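Nothing in this text is a laboratory measurement; each read-out follows from the coordinates by a stated rule. Values in this document were obtained by computation on a predicted structure and should not be read as measured data. In this analysis, Cβ positions are derived from the backbone assuming ideal geometry, glycine residues included, and neighbour counts consider all displayed protein chains.
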There are 2 protein chains.
Amino acid sequence: MYAPGACDEVASAVRARLEALGVRAVNLMSSPGSGKTTLLERTIQDLGGRRSIAVVEADQETALDADRIRRTGVDVVQVNTGAAGHLDAPTLDRALDVLDPAPKSLLFVENVGNLVGPARFDLGEAGQVVLISVTEGTDKPLKYPYIFAAADLVVINKLDLLPYVDFDIDACRLHVASVNPAATVVTVSATRGDNLTDWYGWLFS
Amino acid sequence: MYAPGACDEVASAVRARLEALGVRAVNLMSSPGSGKTTLLERTIQDLGGRRSIAVVEADQETALDADRIRRTGVDVVQVNTGAAGHLDAPTLDRALDVLDPAPKSLLFVENVGNLVGPARFDLGEAGQVVLISVTEGTDKPLKYPYIFAAADLVVINKLDLLPYVDFDIDACRLHVASVNPAATVVTVSATRGDNLTDWYGWLFS
């Protein structure tokens, strides 16, 4: 396990490697259970015909998420971080050796479910996405500002559960803006398919 | 910020301090938004007349949770951990200096929302509780085994949302047992009040 910042040179090398291949790498971060894998499954179903997609899955333990992604037919590598709560650049670099993503492909990195650790580790990715689900509470961008400040895109997920929980989308958008005025915010339901074109629009922007 | 294990002596001192006072200290850990604060609000409402209660709230930033707890009328101290994702024993020790819990009281420590970091830090508490909500997915004990292995009690929360999500309580119980056969598991809805007597039974056991 590395300290934050210790791998910044490796992260720069990963970034150069991906840029040379024309690969767009997107780092998905969220609490456990916010719907990262479900969003990926749906995205691969919807976009897999348009562009080559590869996935790196990170969890403390198990290959459950890689098994789910593999069923969609794309290449996936599972990384287990053990007691650590985030992926680091050297680990991603080794995963890429195995995955060998095609030029111009879309590479999704699904980080360990954690709103704390992943914010402090540069992986060399091109885009940082933070998911939050409406079951988690409106105040999360204020309580975990570091990861929201690092996000290029915030995806508010599980719109299908909105009728059953106390969550204020407008207030959550304001909270995101207060810690990160530059972040784009989209609201989706990965299970039901609501507004996924907004997410795809960002991916191809 | 301390490394895991660096504060074990302070944790031992905190444990001795609490034992001398006859204070039962319970460390609540979960993902962000699993319902720790809501469970505490409800618990204080229901039990506040029976026993003196004090609370330490930990978040990266804000005093939002302490504000919620203060409205219930009990003593509360908010700790902000900044970029760190967990409370450590020296910080809890200083919080106790301010809080000065009454002898024989019940002390709740609500940790930063995180299924990774808090598992690695002994605070000197008497009981470790991990919450998981049914919106987070059945597989979480397998994917984050370290924190579930450290738990004395696992609270499966948000039973009120069970009809709307794909969550298998029996399978989740088995997953908990596979990483921690000794853990007790209770299923509750903190917002609706389901089965809270099971939680209170554990607290006073």
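Computed 3J(HN,Hα) for the range A:158-171, one whole-Hz value per residue from the Karplus formula 6.51 cos²θ - 1.76 cosθ + 1.60 where θ = phi - 60°, is 6, 4, 5, 9, 4, x, 9, 10, 9, 9, 10, 4, 4, 5, glycine and proline marked x. Note on chain B: Lys pairs 8 or more places apart or on different chains, Cα atoms under 22 Å apart, count 5. Can you give me the Cα centroid spacing of the range B:19-43 and the range B:136-205 in angstrom? One Cα centre to the other: 15 Å.
The 3J(HN,Hα) values that the Karplus relation (6.51, -1.76, 1.60; θ = phi - 60°) gives for the range A:173-189 are, in residue order, 4, 5, 5, 4, 4, 5, 9, 7, x, 8, 6, 7, 10, 10, 10, 9, 10 Hz. Gly and Pro appear as x. Rounded to the nearest 10 degrees, the inclination of helix A:89-99 to the longest alpha-carbon principal axis of chain A is 70 degrees. Across the identical copies, the 7 Å label point of A:Thr72, projected outward along Cα→Cβ, sits 4.0 nm from its counterparts, in ascending order. Rounded to the nearest whole Hz, the Karplus-based 3J(HN,Hα) values (6.51 cos²θ - 1.76 cosθ + 1.60, θ = phi - 60°) of the range A:50-56 follow the sequence 8, 7, 5, 10, 9, 9, 10, with x at glycine and proline.
Annotation for the range A:123-205: chymotrypsin sites (Phe, Trp or Tyr not before Pro) lying in DSSP loop with at most 13 further Cβ atoms inside 10 Å of their Cβ are A:Phe204. Rounded to the nearest 20 debye, the dipole size of the range B:105-177 about its Cα centre is 140 debye, using +1 on the Cβ of Lys and Arg and -1 on the Cβ of Asp and Glu. Annotation: amide H-H contacts under 5 Å for B:Leu131 (H modelled 1.01 Å from N, sequence separation of 5 or more, or interchain): B:Met29, B:Ser30, B:Val155.
Counting, for every residue in B:55-61, the Cβ atoms of other protein chains within 10 Å of its Cβ and taking the mean gives 3.
Only DSSP H runs of four or more residues enter the estimate; each adds -39500 (n - 2.57), and after division by the residues of chain B the mean residue ellipticity at 222 nm equals -10000 deg cm²/dmol. Note on the protein assembly as shown: Cα-Cα pairs beyond 37 Å make up 20% of the total pair count.
Could you give the alpha-carbon Rg of the range B:102-182 over 2.2 N^0.38 Å, rounded to two decimals?
1.17
Evaluated at q = 0.10, 0.16 Å⁻¹, a Debye calculation over the C-alpha positions of the range A:8-200 (equal weights, vacuum) places log10 I(q)/I(0) at -0.37, -1.00.
Any idea what the dipole of the range A:8-200 comes to, in debye rounded to 20, about its Cα centre with Lys/Arg Cβ at +1 and Asp/Glu Cβ at -1?
360
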